[in-house]
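Accompanying notes for the structure given below.
The values are calculated or read from the model by the stated rules, or taken from the named source; none is laboratory data. Predicted model, so just to flag it, every value in this text is computed and none were measured. Here the Cβ positions follow ideal geometry from the backbone for every residue, glycine too, while neighbour counts run over all protein chains shown. The protein model used for the area step is the full one, side chains on, heavy atoms only, and it has no ligands, DNA or RNA in it. Shrake-Rupley method; radii C 1.70, N 1.55, O 1.52, S 1.80 Å.
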Amino acid sequence: MKQNKLTIAGKALSSRFFLGTGRYPNPFVQNEAIKASGAEVLTFAIRRVNLGAPNEDAILQHLEGMSFTYLPNTSGAKTAEEAIRIARLAKASGLSDWIKVEISVDEKTLLPDPIETLKATEVLAKEGFVVLPYTSDDPVLCKRLEEAGASAVMPGGAPIGTGLGILNPYNLGLIIEQANVPIIVDAGLGSAMDVVQAMELGADGVLMNTPVAKAKDPVKMAHAMKQAIEAGRLSYEAGRIQKKKYATASSGLASFVSK
Amino acid sequence: MRLLINGEEHNIDASTLEEVVSHFELEPHLVVTEIDGSIIERSNWSVTKLHDGMRIELVQFVGGG
């Protein structure tokens, strides 16, 4: 069945699943989960090399020979300035000019700082980055990020790693309805149900890490999420029925068998 | 040479950035470097002279969401 492809900054993607690379039990499970997910876009963080054990965290060594679109994030940044610095470092790797702007101050909620996020998005978009800001699910802010040059906007469903699902479907619906760039639901999803909900609301894709990496069986969950994305997207494209208060019989009664 | 690398003081025998990277046995294509806040492109590692007290950052991609 033909499905419309997601295109970001002119790049047509083979999957609507953006997968994080943190917190898996081990590199083997991670690679199997990546394969099962079918994801083309993988996210990463940028950190100092641990000089005592330099190859311990070097994640890319486990992915050599496979082809992905790398989406490094600016996690750890508390200000636009820090995020911009991390973005430039990520680009200097020569691996990608895509950047997920992620700026959080509150360690308890890790909610994105909207003002710093907007600032960083503006600067980085002007510098030629493909900017995908992780943002709160505020329709006005999401529009402002688009106007600032974001190539896609990534509102959170709930705080990172909580698995609470989509706390404000009304807002997310508005964000999607008014957007002229792809909307990727990033953070807070817990299970396939949340993914289907996001996709049925019309999201262009979802970004997940913890719900896959910390599932009892990450590989199986990656597969479940992949299918949920496909089911939700197909359902959205197919167009669901209107909800009604009372029943409608599936078969009319005109030729009902009576005595 | 006394260098501040990733926030720690190191005394190593290196006069260029390339030598610092190989001193720690890092995979050059996986590492990004900064000296005193400025990114140094990989192609300039061998010609970037080091001085005592320089602040060097060696960073890489790690797992993240």
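Quick notes on this one:
- Shielding by other protein chains, A:209-218, mean Cβ within 10 Å: 1
- Mean Cα-pair separation over length for chain A, i.e. relative contact order, pairs under 8 Å, 6 or more apart, %: 18 percent
- For A:E147 and A:E107, the difference between the fully extended length at 0.36 nm per residue and the C-alpha to C-alpha distance is 11.6 nm.
- The charge dipole of segment B:2-60, taken about its Cα centre with unit charges on the Cβ of Lys, Arg, Asp and Glu (plus for the first two, minus for the last two), comes to roughly 140 debye.
- For segment B:2-60, taking the reciprocal of the average inverse distance between every pair of different Cα atoms yields a Kirkwood hydrodynamic radius of 11.2 Å.
- R0 of 25 Å, Cβ-Cβ distance A:E177-A:A9: FRET efficiency to nearest 0.05: 0.70
- Under-5 Å amide H pairs with B:G63, H placed in peptide plane, nonlocal only: A:A45, A:I59
- Amide H contacts of B:I12 (H built 1.01 Å from N, under 5 Å, at least 5 apart or other chain): B:L3
- Only Lys, Arg (+1) and Asp, Glu (-1) charged, at Cβ; segment A:52-100 dipole about Cα centre in debye: 220 debye
- Toward the positive end of the charge dipole of segment A:1-87, with +1 on the Cβ of Lys and Arg and -1 on the Cβ of Asp and Glu, the farthest Cα among A:N50, A:G38, A:H62 is that of A:G38.
- Dipole magnitude of segment A:30-111 about its Cα centre (Cβ charges: Lys, Arg +1; Asp, Glu -1), debye to nearest 20: 180 debye
- In segment A:86-109, the residues that give up 30 Å² or more of accessible area when the other protein chains are added, compared with the chain on its own (1.4 Å probe), are A:L89, A:A92, A:S93.
- Heavy-atom surface of the protein assembly as shown, accessible at 1.4 Å and reported per residue (Å²): 49 Å²
- Relative contact order (%) - segment B:2-60, alpha-carbon pairs under 8 angstrom, separation at least six: 47 percent
- Mean Cα-pair separation over length for segment A:1-79, i.e. relative contact order, pairs under 8 Å, 6 or more apart, %: 28 percent
- Accessible surface buried upon B-A contact (total; probe 1.4 Å; Å², nearest 100): 2500 Å²
- Per-residue average of Cβ from other chains inside 10 Å of A:42-55: 6
- With the simple spin-label model, which puts each label point 7 Å out from Cα in the Cβ direction, the A:E56 to A:E81 separation comes to 3.1 nm.
- Rounded to 5, the percent of DSSP beta bridges in chain A classed as antiparallel: 15 percent
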